[in-house]
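A.B. asks: What follows is a structure written as structure tokens; I'll ask about it next.
The values are calculated or read from the model by the stated rules, or taken from the named source; none is laboratory data. Not measured: the values here are computed from a predicted model. FYI the Cβ positions are ideal-geometry reconstructions off the backbone, even for glycines, and counts take in every protein chain you see.
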Ligand SMILES: Cc1cc2nc3c(=O)[nH]c(=O)nc-3n(C[C@H](O)[C@H](O)[C@H](O)COP(=O)(O)OP(=O)(O)OC[C@H]3O[C@@H](n4cnc5c(N)ncnc54)[C@H](O)[C@@H]3O)c2cc1C
């Protein structure tokens with residue numbers, strides 16, 4: 001039987017789009033199959049903040065940040081903590097990826113029209129030693145246009161290829177099986193789902209109206225991770241992070257269901273590091289949800305005080321923005337799956353950013369006029385103010401006694417004792433004006449303000465939390481928010497998938513989150529942030545180029 005294409009790509013997210021456009025540009029025929037409708041093209045990346053890990057960029061240099069490939073590699077390895085036999089390919093991918101981020105990544109994107117917001121963010125700051133977790137310097141480069149801005153160049157290239165017949169989309173086609181003969185890929189088969197015009201990101205119908213088989217000598221699995229499937233997240237939850245949370249909210253749409261990962265594994269692909277995941281601890285219920293259990297991550301600046309469910313301040317260095325999995329480990333160790341920020345109006349106004357394209361209309365809409373208000377506005381950005389007013393996790397009060405009493409009422413656990421919280425805040429407040437400060441979080445605030453980017457838009461000027469002039473007081477109940485899958489299919493640097501027997505499966509490739517962003521887990525245990533979209537770009541590109549080359 002004749003092939004329908006040279007390569008089939010499963011998934012029209014960022015990784016799939018990058019792979020498909022590379023294939024089409026090399027003159028080969030490619031089909032992109034996606035279970036969702038056309039309105040969903042771009043997958044998770046559309047919703048993303050568009051943050052990219054870049055090393056020694058012109059944006060960093062303009063802000064006086066001295067970065068280098070060696071420093072980034074040191075940070076990456078300290079963060080990844082590779083320690084398994086299975087880490088052979090993940091480590092090689094990590095080395096190749098850091099070289100990409102310090103090399104051609106920015107120019108490759110720029111040539112396609114991609115642009116970057118000039119203030120570089122500083123995520124995952126660590127707080128251990130030089131070889132430990134964290135970014136030694138700010139490296140989080142936000143795409144001008146956020147998530148849609150990173151999808152746009154690849155969608156444009158894909159549409160061009162579609163118009164000349166090299167690329168075909170098959171939307172509402174759900175792959176249920178890989179077609180294989182004698183261990184060699186021959187195509188995919190599955191169900192045709194009924195058309196559904198539901199809004200992007202919302203759960204679409206799963207009503208089956210037919211079936212299909214598509215034939216090609218190569219298939220790239222770019223089907224995303226498992227974050228929308230809480231049962232799978234709990235099943236894979238590592239013992240080292242304690243018991244799986246009873247309550248979680250979803251940082252990803254429902255199509256991030258992990259189903260294709262099971263299908264590909266059942267076909268013989270080797271899935272490694274499935275216990276490595278990247279979930280956030282600063283999740284808040286979206287008052288205006290798009291997908292089921294929709295949660296938003298707060299990207300916090302350094303000043304909010306962080307308390308566990310019992311009212312104990314999180315220990316150093318677990319301050320906002322330091323070590324996501326360290327915080328998750330600590331919080332799960334308390335026996336409760338939530339924690340609290342206490343802050344002031346002055347802090348929320350300058351320091352709260354919300355991750356996601358729809359929460360940042362200024363950057364997403366590429367409006368300089370609106371964006372400039374981040375530095376000059378009297379209030380918090382409108383989406384943050386909306387959460388403060390309407391979000392189920394936000395409490396605003398003029399005095400601490402009322403705040404704590406409302407916090408107890410919201411959690412229903414009644415664990416917080418006013419005097420205990422008050423003593424800790426007052427102790428921290430005494431350090432604020434002390435130039436010899438011993439409080440590590442206050443030291444971090446002073447350090448952050450030495451960086452012009454933080455001083456401009458991310459760090460409030462130091463003040464006492466209990467100073468009414470900076471009020472009202474605000475408490476935010478923080479939930480565990482599922483997001484990324486760090487493990488995946490073991491692949492070589494050409495994104496070819498290994499089978500359970502350790503041999504390459506002929507014709508099978510994996511990219512993006514399904515491949516642990518390359519190799520089966522190039523992040524190791526943790527991420528430096530902005531590395532997921534970049535991981536889709538790099539692994540999608542490698543997969544597309546290799547599959548096109550193999551097609552002759
Ligand atoms: C709100 C938000 C903010 C984020 N911010 C950032 C950020 O700032 N920086 C960063 O680096 N990362 C960020 N991320 C993470 C990043 O966006 C994702 O990790 C990345 O986009 C995943 O891309 P992917 O192509 O691997 O998978 P996906 O985007 O999940 O795409 C997979 C596609 O495969 C399809 N599919 C799945 N199974 C099947 C099947 N059986 N048959 C057919 N089709 C199937 C799905 O419908 C989907 O369209 C963010 C994510 C979110 C949700």
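A.B. asks: Please enumerate the residues belonging to the range 282-293 that are away from the ligand (no atom under 12 Å from the Cβ) and surrounded by fewer than 18 Cβ atoms within 10 Å (Cβ to Cβ).
C.D. replies: If the condition is that a residue be away from the ligand (no atom under 12 Å from the Cβ) and surrounded by fewer than 18 Cβ atoms within 10 Å (Cβ to Cβ), then 287, 288, 289, 292 are the ones that fit.
A.B. asks: Turning to a different aspect of this structure: Kindly evaluate residue 125 against the criterion of being away from the ligand (no atom under 16 Å from the Cβ), crowded, with 20+ Cβ neighbours inside 10 Å and either within 20 Å of residue 34 (Cβ to Cβ) or under 26 Å from the mean Cα position of the chain (by Cα) (or both).
C.D. replies: Yes; evaluated as a whole, the condition is true for this residue.
A.B. asks: Scanning for something in a helix (DSSP H, G or I), in contact with a strand residue (DSSP E or B) (Cβ under 9 Å, 6 or more places away or on another chain), surrounded by fewer than 21 Cβ atoms within 10 Å (Cβ to Cβ) and at pLDDT 95 or above, does the range 72-79 turn up at least one residue?
C.D. replies: Checked against the condition, which is being in a helix (DSSP H, G or I), in contact with a strand residue (DSSP E or B) (Cβ under 9 Å, 6 or more places away or on another chain), surrounded by fewer than 21 Cβ atoms within 10 Å (Cβ to Cβ) and at pLDDT 95 or above, the range 72-79 yields no hits at all.
A.B. asks: Here's something else I'd like to know. Which members of the range 443-454 meet the condition of being crowded, with 21+ Cβ neighbours inside 10 Å and in contact with a helix residue (DSSP H, G or I) (Cβ under 7 Å, 6 or more places away or on another chain)?
C.D. replies: 448, 454
A.B. asks: Something else about it: Looking only at the range 89-109, decide whether some residue is away from the ligand (no atom under 16 Å from the Cβ), assigned to a loop (DSSP other than H, G, I, E, B) and either modelled with pLDDT under 95 or surrounded by fewer than 17 Cβ atoms within 10 Å (Cβ to Cβ) (or both).
C.D. replies: Yes, because at least one residue in the range 89-109 is away from the ligand (no atom under 16 Å from the Cβ), assigned to a loop (DSSP other than H, G, I, E, B) and either modelled with pLDDT under 95 or surrounded by fewer than 17 Cβ atoms within 10 Å (Cβ to Cβ) (or both).
A.B. asks: Still on this structure, I have one more. Among the listed residues 496, 464, which satisfies the condition of being under 20 Å from residue 302 (Cα atoms) and without any contact (Cβ under 8 Å) to a residue 60 or more places away in the chain?
C.D. replies: 464
A.B. asks: Let me ask something else about it. Restricting to the range 351-373, and then to whatever is farther than 12 Å from residue 299 by Cα and within 9 Å of the ligand (Cβ to nearest atom), can you tell me which residue is surrounded by the most Cβ atoms within 10 Å (Cβ to Cβ)?
C.D. replies: Of everything passing the filter in the range 351-373, 357 is surrounded by the most Cβ atoms within 10 Å (Cβ to Cβ).
A.B. asks: Looking only at the range 319-336, which residues are free of Cβ contacts under 8 Å to residues at least 40 places away in the same chain and surrounded by 22 or more Cβ atoms within 10 Å (Cβ to Cβ)?
C.D. replies: Answer for the range 319-336, where residues must be free of Cβ contacts under 8 Å to residues at least 40 places away in the same chain and surrounded by 22 or more Cβ atoms within 10 Å (Cβ to Cβ): just 320.
A.B. asks: Follow-up. Looking at (1) assigned to a loop (DSSP other than H, G, I, E, B); (2) over 21 Å from residue 498 (Cα atoms), which is the one condition that is false for residue 226?
C.D. replies: (2)
A.B. asks: Which members of the range 26-63 meet the condition of being more than 16 Å from the ligand (Cβ to nearest atom), part of a loop (DSSP other than H, G, I, E, B) and either touching a helix residue (DSSP H, G or I) at 6+ places or on another chain (Cβ under 7 Å) or free of Cβ contacts under 8 Å to residues at least 40 places away in the same chain (or both)?
C.D. replies: Listed by number, the residues that qualify are 26, 28, 56, 63.
A.B. asks: Related question: Could you please find all residues in the range 236-261 being within 16 Å of the ligand (Cβ to nearest atom) and either outside any loop (DSSP other than H, G, I, E, B) or free of Cβ contacts under 8 Å to residues at least 60 places away in the same chain (or both)?
C.D. replies: Correct list: 249, 250, 254, 257, 259, 260, 261.
A.B. asks: What tally of residues in the range 235-251 results from selecting those that are more than 12 Å from residue 480 (Cα to Cα) and out of contact with any helix residue (DSSP H, G or I) (no Cβ under 6 Å at 6 or more places or on another chain)?
C.D. replies: 7
A.B. asks: For the range 147-184, how many residues are more than 14 Å from the ligand (Cβ to nearest atom) and crowded, with 23+ Cβ neighbours inside 10 Å?
C.D. replies: Of the residues in that region, 1 qualify.
A.B. asks: For residues that are within 12 Å of the ligand (Cβ to nearest atom) and not in a helix (DSSP H, G or I), scanning just the range 528-552, find the one that is surrounded by the fewest Cβ atoms within 10 Å (Cβ to Cβ).
C.D. replies: The selected residue is 529.
A.B. asks: For the range 185-195, name all the residues that are surrounded by fewer than 17 Cβ atoms within 10 Å (Cβ to Cβ) and either assigned to a helix (DSSP H, G or I) or touching a residue at least 60 places away in the same chain (Cβ under 8 Å) (or both).
C.D. replies: Matches in the range 185-195: 195 only.
A.B. asks: Output the number of residues of the range 262-281 satisfying the condition of being more than 13 Å from the ligand (Cβ to nearest atom) and over 22 Å from residue 176 (Cβ atoms).
C.D. replies: Of the residues in that region, 5 qualify.
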